[in-house]
Amino acid sequence: MNRLAQSVPFGYEPSPSNRKGTMVVYDTFQHLEDQALAFAAETAEQRAFAKLVLYPLHEETVRRMTKEPVLPYHKRLDRLHDWKRSYEEERGRGAVPVAVEGLEGKRKKYTPMETALRHLADAYPSPLFLYLTPEMANQFASFSSFEEWIVKLRLLLTEEPQAPHPRLVKYSHRWDAAERKRT
């Protein structure tokens, strides 16, 4: 603990931070290209989030959720770290801090979405926004725990869904499409 004395003028109050909350990109990152990641970071800056978290899914999680083949977890993770490094070099100190979440890499097995959301809610500042593709949002809406989680977080979709799940329609006030805010 830092025990050095600091002096501040009488009546000093630290300025309130204008950045709040965390935007989590929950995806396989198999088909999400660098431009899409840059747009996610731009969206996080525009909406003044305190942190952008990239949450790559493990192969076992993807296999259970979508049945589609994906690259090995470590290859997708390396690509995200490379993108993060280049983003931070390009944007400098004014950029939204980016974190690559490694929970699924530590577990090395299927991680239910509820477990991931619980971990994210505990580890990062609230409010929590999930940045999802329309397909992933429809899949999340199909889970039995959706109604429990949708009141605790908000969704930010990459684009307007063509055929939204009935629960997404029911909770349309809890999600928004990032494309709407694009200038």
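So here's what we get for this one:
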read-out: Matching helices (runs of 4 or more DSSP H) fully within region 103-179 where at least 3 residues are over 26 Å from Ala38 (Cβ atoms) and in contact with a Gly (Cβ under 8 Å, 6 or more places away or on another chain); value: none
read-out: Inter-residue pairs, beta-carbon under 8 Å, first assigned to a helix (DSSP H, G or I) and in region 85-100, second among the small types (Gly, Ala, Ser), 6+ apart; value: Tyr87/Ala38; Tyr87/Ala41; Tyr87/Ala95; Glu88/Ala95; Arg91/Ala41
read-out: Selection within region 31-80 - touching an Asp or Glu at 6+ places or on another chain (Cβ under 8 Å) and assigned to a helix (DSSP H, G or I); value: Thr61, Val62, Tyr73
read-out: Pairs, first closer than 11 Å to Leu130 by Cβ and modelled with pLDDT of 95 or more in region 153-165, second of a type in the set (Asp, Glu) and crowded, with 22+ Cβ neighbours inside 10 Å, C-beta under 7 Å, six or more apart; value: none
read-out: Residue tally, condition surrounded by 16 or more Cβ atoms within 10 Å (Cβ to Cβ), under 22 Å from Val98 (Cβ atoms) and of a type outside the set (S, T, N, Q), over region 120-136; value: 9
read-out: Selection status of Leu156, surrounded by 15 or more Cβ atoms within 10 Å (Cβ to Cβ), hydrophobic (A, V, I, L, M, F, W, C) and over 27 Å from Asn18 (Cβ atoms); value: no
read-out: Residue match in region 95-109 (condition: on the phi > 0 side of the Ramachandran plot and surrounded by fewer than 15 Cβ atoms within 10 Å (Cβ to Cβ)); value: yes
read-out: Odd one out for Ser86 among (1) among the hydroxyl-bearing types (Ser, Thr, Tyr); (2) out of contact with any Leu (no Cβ under 9 Å at 6 or more places or on another chain); (3) surrounded by 18 or more Cβ atoms within 10 Å (Cβ to Cβ); value: (3)
read-out: Meets criteria (buried (at least 17 other Cβ atoms within 10 Å of the Cβ), of a type in the set (Val, Ile, Thr), free of Cβ contacts under 8 Å to residues at least 60 places away in the same chain and touching a strand residue (DSSP E or B) at 6+ places or on another chain (Cβ under 9 Å)) for Thr22; value: no
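The values are calculated or read from the model by the stated rules, or taken from the named source; none is laboratory data. Since we're looking at a predicted model, the values are computed, not measured. Methodologically, a virtual Cβ is constructed for each residue, glycine included, from the backbone with ideal geometry; neighbour enumeration extends over all protein chains shown.
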